[in-house]
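Trainee: What follows is a single structure, and I will ask about it in a moment.
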Amino acid sequence: MRYIIPLTEILLTDIASVGGKNSSLGEMVNKLTQLGIKVPGGFAITADAFRYYLSENDLTEKIKKTIDELDAAQLDQLEETGSLIRNWIRRAEFPADLEQEIRASYHADEAEYGHNYAVAVRSSATAEDLPDASFAGQQESYLNVRGTDDLLRMTKNVFASLYTNRAISYRAHTGFDTQEIAISVGVQKMVRSDRGSSGVMFTLDTESGFRDLVLINSAYGLGENVVQGAVNPDEFHVYKPSLAQQRQAIIMRRLGSKKQKMVYDRNPDTDRLVHNIDVLEEDQRQFSISDAEVEELARYALIIEEHYSNVHGEPTPMDIEWAKDGMDGHLYILQARPETVHSQKKSGYVHEEFNIKQRGDVVCTGRAVGQRIGQGVARVILDPENMHQVKPGDVLVTDITDPDWEPVMKTASAIVTNRGGRTCHAAIIARELGIPAIVGCDDATETIANKSEVTISCCEGETGIVYDGLMDFEAKEVSFDHLETPETKLYLNVGDPHQALRFSSLPADGVGLARLEFIINNSIKVHPQALLDFDALEVGLQSEVSDIIDGYESPRDYFVKRLAEGVSTIAAAFHPRPVVVRMSDFKSNEYAALLGGDRYEPHEENPMLGWRGAARYGTSSFEEAFAMECEAMCLVRNEIGLENVILMLPFVRTVDEAKSVLELMASHGLKRGENNLQIYLMCELPSNSILAKEFLEHFDGMSIGSNDMTQLALGVDRDSGSLVGYDERNPAVLALMEMAIKACHDAGKYIGICGQAPSDFPEITQWLVERNITSISLNPDSLLDMLAVVLKEEANRASITR
């Protein structure tokens, strides 16, 4: 039996001897360092050493008997039994030969790392980090441990942590026999991330399971704060195909508050090894790692994922902890384990869809986790000692969770926390349990009343919403296994980039309409001209804008990158399927509602017919704002490489206006035909249909905007509630749409529709299929219903032809 094994002698196949964490570390040290990945060195105290320790102290049978008599569902009994066993283990003594071997191994590494070098002492259970079970965080870890006396003491604590309440409960819940699981201890040189940054990354999107992303969370200081959800971290999405092509690959950045960081603490008057300090406000306002470091981490993640996929013989998404050493500036990998939620879903895709049907008063908001809806009685728990108050079906509301909370988390219908990001403990456990969670709310424990009834909605995009009361909602499952594929292309109308990752798994042929206004309104929030005039803004407004653009090089950089990030997320989600992006079509009243917008927008009696669409782009007061839009689209297509993006011009009143705008776009790097760029006309004015042949000389196709076409054909103000009964089924509107369809067919060009009509009226969908339209773009919630209509109409047409 070997009691100590250096990481340099360990492989993934040694899990029975050194546990999942240590075997994975050894695998990376031996197989991936030559590929450029840096993994801190160290050694493992083996599972045999743990068994030897128990045996020599006559604890093996004593513990077995105690566990056999335990009912883990009884929290009081669980707490009493766990405490008893842990005390037995901590008070026991090391066999002399084992103690000597541990001391000798630490001293041997001092030659390389220096006297009394700091180590992390981590648990590594022999069933931990398996592809189908997440034991991560069940046992304890200790940071900044120095010297052999402290190492031996912390090793005892890690041994004892095999019997924490949460670990005993988890094994009982998942059916693992406690006696079949032993624990190894990893002793690994510390990375000085207390002076740098650290975090977690996944090689998929943790919400949707989308595989072409690397999700990276980052914060200042040691990584425990990110793992535990003690801080709201920075977040980045990196698009794998662009990274593989050595293109710019970051398609989303989100600045976290990062209010505290964990650093070393060696105060002789306390037992603390680490503690938290406040982060300087100026550092909070910056990203904790650079774009170059984000992409380097993502490259590490791809190498790790590829290696473990080869080892397991199937795609293996990974959950990885990393750290940046503030002393040497290098990035290190601290742990890597298989992701355990999306990777375990059965083959044969079933789409689970939740829709909120009623909206009440909003109590608070945060980051949505789980794309589900839950509801129940809120239990606001500020002290872990009171967690027993949570009853089955309650909504757990607390500041932050750690593994000690897991026995009650299993009984909750939803979880809400003040702190944490999408990779924190509460988020990970909620996904495993299949319940919604909202993390990083800041004030949930203050705004949610204890014992009040609440609804937790995580199905409305990136933001999770806590509603007061029990809202009406629906949940349904739809299998896509045996769906037929129609000849007519079915696209989606997608506004929210964060929903795009989920919608990409629907059986759609692409995106027929992605509106820049949605991204500008929800992600940018500031009028583009106010960003361009930033230095000239009055102090109060400038301060507001400054808070919003934190983390970006300049106001212009903020607009361009945020817009590009939103479009890139949609385009990446559906790649290589086409994504039609409409250039901005805010009305003046909508632009005025943006921060600073009232300085620049005229008051118009009917903005629907006013200064909107293409008419804005070349004017002296908007040309530079349009130039920023074009710069963002160049970034998406030319730098990130998402050439599946097709651009579309809205509300083009005349052919001359079309020519002028196309020339303006070409001057900004968006020339039709270059880099496979296609540009469509949004056919939404009667003039577009009447002069369709002339317009099509300058465009690659048309997409019918039935909403404005109806308004302008019938003289009905879309914003008016007084006029009812006028819609796209009117013969005049149908005649204009048919003119456009025929003109596109005659010219051999694309013709689609992206207005609301096909989503609302099955007869319109049927009418369009009869006229052989190229594509129909639908709201995601109507896709499957309209698919049935399209298939039925195509079958009828085929039978008539025969």
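The values are calculated or read from the model by the stated rules, or taken from the named source; none is laboratory data. Predicted model, so just to flag it, every value in this text is computed and none were measured. Cβ atoms come from the backbone with ideal geometry, glycine included; neighbour counts cover every protein chain shown. Quick note on the areas: whole protein, heavy atoms, side chains included, nothing else; ligands and nucleic acids left out. Shrake-Rupley method; radii C 1.70, N 1.55, O 1.52, S 1.80 Å.
Trainee: How far apart, in nanometres, would the label points at residue 96 and residue 671 be if each is projected 7 angstrom from Cα along the Cα-to-Cβ direction?
Mentor: Calculated label separation equals 8.6 nm.
Trainee: Can you give me the C-alpha center-to-center distance between the stretch 547-593 and the stretch 398-456, rounded to a whole angstrom?
Mentor: 31
Trainee: Output the 0 to 90 degree angle, nearest 10, between the alpha-carbon long axis of helix 96-113 and the longest principal axis computed from the alpha carbons of the chain.
Mentor: Roughly 50 degrees, rounded to the nearest 10.
Trainee: Can you figure out the FRET efficiency of residue 110 with residue 738, using R₀ = 56 Å and their beta-carbon distance, to the nearest 0.05?
Mentor: Details: r = 83 Å, r/R0 = 1.49.
Rounded to the nearest 0.05, the efficiency is 0.10.
Trainee: Turning to a different aspect of this structure: Pull out the extension gain between residue 484 and residue 656, defined as 0.36 nm times the separation in residues minus the alpha carbon to alpha carbon distance; nm, one decimal. If you can, show how the numbers build up before the last one.
Mentor: Values: separation 172, 0.36 × 172 = 61.92 nm, distance 4.34 nm.
Full-extension gain reported as 57.6 nm.
Trainee: Once you charge only the Cβ atoms, +1 for Lys and Arg and -1 for Asp and Glu, what is the size of the charge dipole of the stretch 218-263 about its Cα centre, to the nearest 20 debye? All intermediate terms of the calculation are to be shown ahead of the outcome.
Mentor: Numbers: 7 positive and 3 negative charges, 31 e Å.
Charge dipole, the stretch 218-263, about its Cα centre: 140 debye, nearest 20.
Trainee: Okay, moving on. Under unit Cβ charges (Lys, Arg +1; Asp, Glu -1), what dipole magnitude, rounded to 20 debye, does the chain have relative to its Cα centre? Write down the numbers at each step before the final one.
Mentor: Numbers: 76 positive and 124 negative charges, 229 e Å.
With Lys and Arg at +1 and Asp and Glu at -1, about 1100 debye.
Trainee: Grab the DSSP H runs of the chain that are 4 residues or longer, score each as -39,500 (n - 2.57), total them, divide by all residues and round the 222 nm result to the nearest 500 deg cm²/dmol. Before the final figure, lay out each step's value.
Mentor: Working: 30 runs with 295 residues, N = 802.
When only DSSP H runs of four or more count, the value is -10500 deg cm²/dmol.
Trainee: Follow-up question, since we're still on this one. Using only Cα atoms, tell me the angle between helix 539-548 and the longest principal axis of the chain; keep it within 0 to 90° and round to the nearest 10.
Mentor: Roughly 70 degrees between the two axes.
Trainee: Then there is this: Treating cross-link reach as a plain straight distance, find the lysines whose alpha-carbon is under 23 Å from the alpha-carbon of residue 189, omitting any fewer than eight places away in the same chain.
Mentor: Reachable lysines: 21, 31, 38, 156, 261, 324.
Trainee: Given Cβ point charges of +1 (Lys, Arg) and -1 (Asp, Glu) and nothing else, what value in debye, to the nearest 20, does the dipole of the stretch 158-242 about its Cα centre take? List each step's numbers first, then the result.
Mentor: Working: 7 positive and 9 negative charges, 57 e Å.
Dipole about the Cα centre, nearest 20: 280 debye.
Trainee: Once the Cβ-Cβ distance between residue 117 and residue 30 is put in as r, and R0 is 25 Å, what FRET efficiency do you end up with, to the nearest 0.05? Mind showing how you got there, number by number?
Mentor: Working: r = 22 Å, r/R0 = 0.88.
Efficiency for this residue pair is about 0.70.
Trainee: Accessible area of the chain with a 1.4 Å probe: how many percent of it is carbon plus sulfur?
Mentor: Its accessible area is 46 percent carbon and sulfur atoms.
Trainee: If you stretched the chain out fully between residue 729 and residue 608, how much longer would it get, using 0.36 nm times the residue separation minus the C-alpha to C-alpha distance? Numbers along the way, then the final one.
Mentor: Details: separation 121, 0.36 × 121 = 43.56 nm, distance 2.12 nm.
Full extension of this stretch gives 41.4 nm more.
Trainee: Next up: Which FRET efficiency value, to the nearest 0.05, do you get for residue 717 and residue 446 by plugging their Cβ-Cβ distance into 1/(1 + (r/R0)^6) with R0 = 30 Å? Numbers along the way, then the final one.
Mentor: Numbers: r = 44 Å, r/R0 = 1.46.
Efficiency at R0 = 30 Å is approximately 0.10.
Trainee: Going by alpha carbons, how many degrees (0 to 90, nearest 10) lie between the helix axis of 731-747 and the longest principal axis of the chain?
Mentor: 80
Trainee: Then there's this: What distance in nm separates the simple spin-label points at residue 282 and residue 2, each placed 7 Å from Cα in the Cβ direction?
Mentor: About 5.1 nm, to one decimal.
Trainee: In whole Å, what is the distance between the alpha-carbon centres of the stretch 647-678 and the stretch 184-256?
Mentor: With the stretch 647-678 and the stretch 184-256 each reduced to a Cα centre, they are spaced 39 Å.
Trainee: Let me ask you something else. Taking θ as phi - 60°, what are the ³J(HN,Hα) couplings along the stretch 683-691 by the Karplus curve (6.51, -1.76, 1.60), each to the nearest whole Hz, with x for Gly and Pro?
Mentor: 8, 9, 10, x, 4, 5, 7, 5, 10
Trainee: Using the Cα centre of the chain as origin and beta-carbon charges of +1 (Lys, Arg) and -1 (Asp, Glu), tell me which of 24, 518, 706 is placed farthest towards the positive end of the dipole.
Mentor: Of the listed residues, the answer is 24.
Trainee: Between residue 469 and residues 5 or more places away or on another chain, which pairs have amide H atoms under 5 Å apart, with H built 1.01 Å from N, and which residues are they?
Mentor: Here 453, 454, 455 satisfy the definition.
Trainee: Need the C-alpha centroid separation for the stretch 275-319 versus the stretch 460-528, integer Å.
Mentor: Spelled out, the Cα-based centre of one part sits 27 Å from the other.
Trainee: In addition: Rank 141, 85, 96 by how far each Cα sits towards the positive end of the charge dipole of the stretch 1-141 (+1 on Lys, Arg Cβ; -1 on Asp, Glu Cβ) and give me just the farthest.
Mentor: Of the listed residues, the answer is 141.
Trainee: How large is ³J(HN,Hα) for each residue in the stretch 330-337, as worked out from phi by the Karplus curve 6.51 cos²θ - 1.76 cosθ + 1.60 (θ = phi - 60°), to whole Hz, x for Gly and Pro?
Mentor: These are the phi-based 3J(HN,Hα) values: 8, 9, 10, 9, 9, 7, 8, 9 Hz.
Trainee: For the chain, with the dipole built from +1 on Lys and Arg beta-carbon atoms and -1 on Asp and Glu ones, taken about the Cα centre, which of 759, 628, 165 lies farthest toward the positive end?
Mentor: So the residue we want is 759.
Trainee: A further question on this structure: Can you give the longest stretch of the chain with no exposed loop site, where a site means GluC sites (Glu not before Pro) in a DSSP loop (not H, G, I, E or B) with at most 14 other C-beta atoms within 10 Å? Walk me through the intermediate numbers first.
Mentor: On the way: sites that count: 69, 93, 484, 487, 538, 553, 605, 697.
Longest run free of exposed loop sites: 94-483.
Trainee: Can you give the accessible area per residue of the chain, in Å², using a 1.4 Å probe?
Mentor: Details: 31690 Å² over 802 residues.
With all protein chains present, the chain gives 40 Å² per residue.
Trainee: At what distance in nm do the modelled label points of residue 472 and residue 525 sit from each other, each positioned 7 Å from its Cα along Cα→Cβ?
Mentor: 3.3
Trainee: Here is a further query. Quick one: length gained pulling residue 797 to residue 62 fully straight, 0.36 nm per residue minus the C-alpha distance?
Mentor: Numbers: separation 735, 0.36 × 735 = 264.60 nm, distance 7.73 nm.
Value of the extension gain: 256.9 nm.
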